[in-house]
Amino acid sequence: MQISFNNRNDKEYQFMLNNLLKDIFLDFQFWYDLNLWNEIYESYSIVENGEIVSNICVFKTQILFNKKQYPALSVGAVATKKEYRGRGLSRLLMEHIIKKYDNVPMYLSANDSVLDFYPKFGFKRVYEKLPVCECVINNDVMANKLGYDDPKVWDYVYKRVNFSQKLDCLNSSSINIFHIYWGYLKDYIYELPEIDTMVIAEQKGETLKLIGVFSMKDISFSDLVKYLPFANVKKIEFGFMPYWSDVNYIMKEYEKAPLFVRGLRCDLGDFKFPELSIT
């Protein structure tokens, strides 16, 4: 069975792929229309009768871990049309990708229904922890919200200089934009112009979930806290590994979608993968 391949803005291919993905996950057309699909995002699929019936995508990432850079593959969009399931199509695609990139570490976020599938290909389940710090915020500052499609959002995402030396993804701007344009974050985007920073954050009760921070210059955690437009906060939960030298946090166990890794040559220890870089 022939495997099709695409790593560019091919409108015909994207149309076929989206017909599959929107039935299983969500409509990806908004991301395709942004023309962000390039050579580091690859789709491997099975095409029959003019439609994609099975697919796996990989995103070629550059992971920053303990101050060193490593190439890796983020695996996603694993989908097979309902009437074609049970024929081993996903296995065929996964074996093809692993053969092509056997020496490259891989990772993916899965759901509970496929926990037995990925270990067949050498993937191992790992458990993230949640960085949490006690932090009192009672700022009387006006919230400067940004629309998800504001050009400033793109500037912050693509011009950021802040990355966690402990664990981060260096080239995931297009995936960051995907999450932002998806819509579930549209009410949580704030600009802090005094420190050239954009944050994506949501307050629930006395807890602030800091999902992402995009800074165009080096700032301290105390600088950030000073300008966050929130009050009655006693605790911050981070959607990434905090990188500031002046923040004290602990790593707590929590329930999260299963994460699988393959081909790692190091121990991740207690870690949190940046939520906005997951495909």
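Taken together, the values in this text are just the output of simple stated rules run on the coordinates, not laboratory data. Fair warning: this is a prediction, and the values are worked out from it, not measured in the lab. Using ideal geometry, Cβ is built from the backbone for each residue, glycine included, and neighbour counts are taken over all protein chains shown.
Using the structure shown, list the pairs from LYS166/LYS186; LYS60/LYS129; LYS124/LYS217 with a Cα-Cα distance above 31 Å, or answer none. The partial results should precede the final answer.
Details: LYS166/LYS186 28 Å; LYS60/LYS129 24 Å; LYS124/LYS217 37 Å.
Checking Cα-Cα distances, LYS124/LYS217 exceed 31 Å.
Where in the range 115-148 does the label zone of LYS256 land, with the point 7 angstrom along Cα→C-beta and an amide N cut-off under 12 Å?
126-132
Starting from the 7 Å offset along Cα-to-Cβ, what nm value, one decimal, do you get for the label separation of GLU39 and GLU95?
Once both label points are built, they end up 3.0 nm from each other.
Using alpha-carbon pairs under 8 Å, 6+ residues apart, how would you state the relative contact order of the chain in percent? If you can, show how the numbers build up before the last one.
Values: 552 pairs, mean separation 62.4, N = 279.
Relative contact order, the chain: 22 percent.
Determine the calculated [θ] at 222 nm for the chain from helices alone, applying -39500 (n - 2.57) to every DSSP H run no shorter than 4 residues and normalising by the residue count; nearest 500 deg cm²/dmol. Provide the component values of the computation, followed by the final result.
Numbers: 6 runs with 57 residues, N = 279.
About -6000 deg cm²/dmol.
Return the inverse of the average 1/r over all pairs of distinct C-alpha atoms in the chain, which is the Kirkwood hydrodynamic radius, in Å to one decimal. The partial results should precede the final answer.
Numbers: mean 1/r = 0.0499 Å⁻¹.
So the Kirkwood estimate lands at 20.1 Å.
What FRET efficiency comes out for TYR127 versus ASP187 if R0 is 30 angstrom and r is the Cβ-Cβ distance? Round to the nearest 0.05.
Numbers: r = 30 Å, r/R0 = 0.99.
It comes out at approximately 0.50.
7 Å from Cα along Cα→Cβ at both LYS217 and SER4: what's the point-to-point distance in nm?
5.0
Over the range 204-279, what is the mean sequence separation of C-alpha contacts under 8 Å (at least six apart), divided by residue count, expressed as relative contact order in percent?
Details: 56 pairs, mean separation 30.2, N = 76.
40 percent.
Once you put a point 7 Å from the Cα of VAL114 and another 7 Å from the Cα of GLU12, both along the Cβ direction, what distance in nm separates them?
2.8
Under 8 Å for C-alpha pairs, at least 6 residues apart: give me the relative contact order for the range 130-252, rounded to a whole percent.
Values: 233 pairs, mean separation 51.9, N = 123.
After rounding, I find 42 percent.
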